[in-house]
Every structure is written in structure tokens, then in C-alpha cells.
Amino acid sequence: MTSTASSPAPAPKDPWDLPDVSGLVVGVLGGTGDQGRGLAYRLAKAGQKVIIGSRAADRAQAAADELGLGVEGADNAECARRSDIVIVAVPWDGHAKTLESLRAELTGKLVVDCVNPLGFDKKGAYALKPEEGSAAEQAAALLPESRVAAAFHHLSAVLLQDASIDEIDTDVMVLGEERADVEIVQALAGRIPGMRGVFAGRLRNAHQVESLVANLISVNRRYKAHAGLRVTDV
């Protein structure tokens, strides 16, 4: 009778062991808007190759020229084609139409949705509930051949664009279906000084992350602030 020694169980993966994303090209759809422009600026300043996308190539190029830092401008389709990771920062009312029109160009791409479906009335901002559950889930439904994640919802466009600020003290909640894709987005967030990407669940949990922006808007209005989030004990 022979016996075999059992092999030791592999050590669990360190959740902060993230990939090197410094060589990836990042496209920002809606890069001429405040949020998109701010993200493009911060990522380019961190050394990332960035392409700003817009419906009009000349508007995208004008925004890119204003930012400098090697940022390029292109129409949305060209931006999507040339990028490894595509951040969606378009207004909510144009979200579905934009993604539908770029389905072919976004095939096989990692698409990071940061759109917040919000309404506004005399009482302030409030969350909308898309039929699919969230903006990120709408993106996943419209882009079945893409890998969709959600992140960058809670960032102040004012802070992102303020060149006098070197670090932005905030965590970025990252949601997605595949660990490898989530970790790429976490690593991308971590390229920006002061930021940290934190896994926050699968896309089915994106609605409450998107909705929290309405609460942050209320915080900002009351305290004249540019509030972000920090996750404790992680």
C-alpha cells in the first residue's frame, strides 16, 4: 500500500496584487464634458495614453489640445477603435444611443461605464431606475460582445480638472463580472495619485453605486464641498 502526500493549498491571491496597465490606451467617450475631460486629464497626467472621443472630431481635438499631455482627440468611433479600455462618460440621456451606435467598434473591448442616471427637480437630485437595472447593466445588454465594468461614479469633476490639486483623496468603487477586468480598472484608478480602486460587487449591484451620486450632490450643496468616498478597514 502506498500513500501520497497531499500538496499544500495555493496561497490566496493578494487582492491588491494588480496588473500593470501603464501601456494601455484609454479612450474617454464624452471626453469633452466635465467628467470625461477631468478623467482624461488625470489619467494623462499619470502617464496614460489617452484619446478623447466626441460626436464631432473637431470638438474632441480642441479639448485634447487644451489638455495637452499627449492627449489626442477623435470622433467616438475612432476613439473606440484605437483604445484598449473605453470609459463611457456621456450624459445619461444619450447613453443608449451612443453605445448602440458603437457596438461594432466596442466589440472585444473593456468598457467602463461611469454614467449616473439622475433626475433633478426643486428638491434636488434623485436616482432614476433604468429598465435594465442600472446604466452599467444597460451597457452590458447593448454591448453583448464587450466586457463591461462600472467605476468612477463618485468623482468631483471640479477636483478632477483643478490643476492645482496633485492628489484626489477618494476610493473608486469598481464593479464587474470578471475578476481580471475588475483588477484592470482598479489598477487604472490607482494610477491617479490619491485614488484607490476597490472591488464593490457584480454589475447587478451597480444601481445603488450610481444612485449614491444623488446623495453626494446633496452633501456638496449643503457643505459647499466636493465630497468623495473612502471605504474603511480595507
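The values are calculated or read from the model by the stated rules, or taken from the named source; none is laboratory data. Just so it is clear, the structure is predicted and the values come from calculations on it, not from any experiment. Don't worry about glycine lacking a Cβ; one is built from the backbone with ideal geometry, like all the others, and counts go over all protein chains shown. These area figures cover heavy atoms from the full protein model, side chains too; ligands, DNA and RNA do not enter into them. Shrake-Rupley method; radii C 1.70, N 1.55, O 1.52, S 1.80 Å.
General remarks:
- Computed Kirkwood radius, in angstrom, where 1/r is averaged over Cα pairs of segment 71-202: 15.6 Å
- Computed about its Cα centre, the charge dipole of segment 100-172 is approximately 280 debye, with only Lys, Arg, Asp and Glu carrying charge at their Cβ.
- Unsatisfied cross-links (Cα-Cα over 32 Å) in the set Lys13/Lys129; Lys45/Lys122; Lys49/Lys122; Lys49/Lys224; Lys97/Lys123: Lys13/Lys129; Lys45/Lys122; Lys49/Lys122; Lys49/Lys224
- DSSP-defined antiparallel bridges as percent of all bridges, the chain, nearest 5: 20 percent
- Calculated P(r) tail over 21 Å for the chain, as whole % of Cα pairs: 55 percent
- ³J(HN,Hα), Karplus 6.51/-1.76/1.60, whole Hz, each residue of segment 74-87, x for Gly, Pro: 7, 5, 4, 5, 5, 4, 5, 4, 8, 9, 7, 10, 10, 8
- Exposure ranking of Lys109, Lys129, Lys49 by accessible area [1.4 Å probe, largest first]: Lys129, Lys49, Lys109
- Over the C-alpha atoms of segment 64-142, the Rg to Rh ratio, Rh being the Kirkwood estimate, stands at 1.03.
- Other residues with beta-carbon under 13 Å from the beta-carbon of Gly124 carry, at +1 per Lys or Arg and -1 per Asp or Glu, a net charge of +3.
- Calculated P(r) of segment 119-171 - Cα pairs past 14 Å, %: 69 percent
- Taking the DSSP beta bridges with both ends in segment 76-177, the antiparallel portion is around 45 percent.
- Rounded to the nearest 10 square angstrom, Ser164 shows an accessible area of 90 square angstrom against a 1.4 Å probe.
- Where the chain is the region considered: accessible area per residue in Å², 1.4 Å probe: 50 Å²
- Electrostatic dipole magnitude of the chain [Cβ: Lys, Arg +1; Asp, Glu -1; Cα centre; debye, to 20]: 480 debye
- By average C-beta atoms within 10 angstrom, highest first, the peptides 52-61, 144-153, 31-40, 175-184: 31-40, 144-153, 52-61, 175-184
- One way to sum up the overall shape of segment 22-70 is the equivalent ellipsoid from its Cα gyration tensor, whose semi-axes run 16, 10, 10 Å, largest first.
- Apolar share of the accessible surface for the chain: 51 percent from carbon plus sulfur atoms, 1.4 Å probe.
- Sequentially through segment 216-227, phi angles give Karplus couplings (6.51, -1.76, 1.60; θ = phi - 60°) of 5, 4, 5, 4, 5, 5, 5, 9, 6, 10, 10, 5 Hz, Gly and Pro residues having no value and appearing as x.
- Ratio of the Cα radius of gyration of segment 1-94 to 2.2 N^0.38 Å, where N counts its residues: 1.65
- Note on exposure: Lys45, Lys224 ranked by accessible area (1.4 Å probe, complete protein assembly) read Lys224, Lys45, with the most exposed listed first.
- Once the Cα gyration tensor of segment 145-233 is diagonalised, semi-axes √(5λ) in Å: 23, 16, 11
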